[in-house]
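Asker: Got a structure for you, written out below as structure tokens; questions coming shortly.
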Amino acid sequence: MSTIADNIALVSARIRAAEQAAHRESDSVRLLAVSKTKPAAAVREAFAAGLRDFGENYLQEALGKQLELADLPLSWHFIGPIQSNKTRAIAENFAWVHSVDRLKIAQRLSEQRPADLPPLNICIQVNVSGEASKSGCTPADLPALANAISALPRLKLRGLMAIPEPTEDRAAQDAAFGAVQALQASLNLPLDTLSMGMSHDLESAIAMGATWVRIGTALFGTRALGHQ
């Protein structure tokens, strides 16, 4: 049975191969380990294998893990939908938020980010496939939202995040990720981050400019069921 360290090596090799295929610089794409529903012991094992960045969807679960792993120099990323009553804990306990999709949430994160911490790194989630079940602002609303967020104190707008509709069709993957890349380029803001690509489509995402790929299943195995 493969270990988490084995899985990290395999995924890292896929990332490096995809960088080469896309004629991108080596190590221009970073691996965000999606540790939601996984125990702190799995995060500790991934840390021992070299990972430092971990993504969580569920706030209470994440806060528990952070306490349990406080001895490790980890960078925590919030990647799930955000309710207004969760913003303070997110602002106080995370380095990155990839899932901001409305100004009210960004304003609360800005107001509640402690002054002794660096600015909170923000990605705007865009619903590039127009799925009713997905979070994310519409492409039409993106320019106004990006300009408003970029002006907020205590936040640093880094780029966009997207979860396109799942497909095994490489041309469809490329089209969706390419649309996200084009949206970011159209904003005319100093952005450096595209958070896109998961276990099944990371090669396409990297070809289209991803700088973070968010990988869970390929590192940790199938998610535990029944989590909120």
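The values are calculated or read from the model by the stated rules, or taken from the named source; none is laboratory data. In this text, all values refer to a predicted model and were calculated from it rather than measured experimentally. We place every Cβ from the backbone using ideal geometry, glycine too, and count neighbours over all the protein chains shown. When the accessible area is computed, the model is the full protein with side chains, heavy atoms only, and any ligands, DNA or RNA have been set aside. Shrake-Rupley method; radii C 1.70, N 1.55, O 1.52, S 1.80 Å.
Asker: For the stretch 201-219, which residues satisfy the criterion of being within 23 Å of Asn57 (Cβ to Cβ), modelled with pLDDT of 95 or more and of a type outside the set (A, V, I, L, M)?
Answerer: Selection gives Asp201, Ser204, Thr211, Trp212, Arg214, Gly216.
Asker: Continuing with the same structure: Got a sec? Which of Lys104, Lys65, Lys36, Lys86 is over 17 Å from Thr193 (Cα atoms), outside any helix (DSSP H, G or I) and basic (Lys, Arg)? If you could, list the steps in order and put the result at the bottom.
Answerer: Numbers: Lys104 fails: outside any helix (DSSP H, G or I); Lys65 fails: outside any helix (DSSP H, G or I); Lys86 fails: outside any helix (DSSP H, G or I).
The conditions single out Lys36.
Asker: Go over the candidates Pro81, Pro114 one by one and state the one that is touching a residue at least 40 places away in the same chain (Cβ under 8 Å), open to solvent by 30 Å² or more (accessible area, probe 1.4 Å) and not in a helix (DSSP H, G or I). Outline the logic, then answer.
Answerer: On the way: Pro114 fails: touching a residue at least 40 places away in the same chain (Cβ under 8 Å).
Within the list Pro81, Pro114, the selection yields Pro81.
Asker: A further question follows. Do we find a residue being in a helix (DSSP H, G or I), farther than 17 Å from Ala62 by Cβ and open to solvent by less than 40 Å² (accessible area, probe 1.4 Å) anywhere in the stretch 127-145?
Answerer: If we filter the stretch 127-145 for residues that are in a helix (DSSP H, G or I), which is where we start, we get 142-145.
Right, trim to farther than 17 Å from Ala62 by Cβ and you get 142-145.
With open to solvent by less than 40 Å² (accessible area, probe 1.4 Å) added as a condition, the list becomes 142, 145.
Looking through the stretch 127-145, at least one residue is in a helix (DSSP H, G or I), farther than 17 Å from Ala62 by Cβ and open to solvent by less than 40 Å² (accessible area, probe 1.4 Å).
Asker: Exactly one condition in (1) within 17 Å of the chain's Cα centre (by Cα); (2) open to solvent by 10 Å² or more (accessible area, probe 1.4 Å); (3) touching a residue at least 60 places away in the same chain (Cβ under 8 Å) is false for Asn57; which is it?
Answerer: All conditions pass for Asn57, except number (3).
Asker: Which residues, counting only those in the stretch 117-126, are in a loop (DSSP other than H, G, I, E, B) and touching a strand residue (DSSP E or B) at 6+ places or on another chain (Cβ under 6 Å)?
Answerer: Filtering the stretch 117-126 down to residues in a loop (DSSP other than H, G, I, E, B) leaves 117-119.
Answer for the stretch 117-126, where residues must be in a loop (DSSP other than H, G, I, E, B) and touching a strand residue (DSSP E or B) at 6+ places or on another chain (Cβ under 6 Å): just Pro119.
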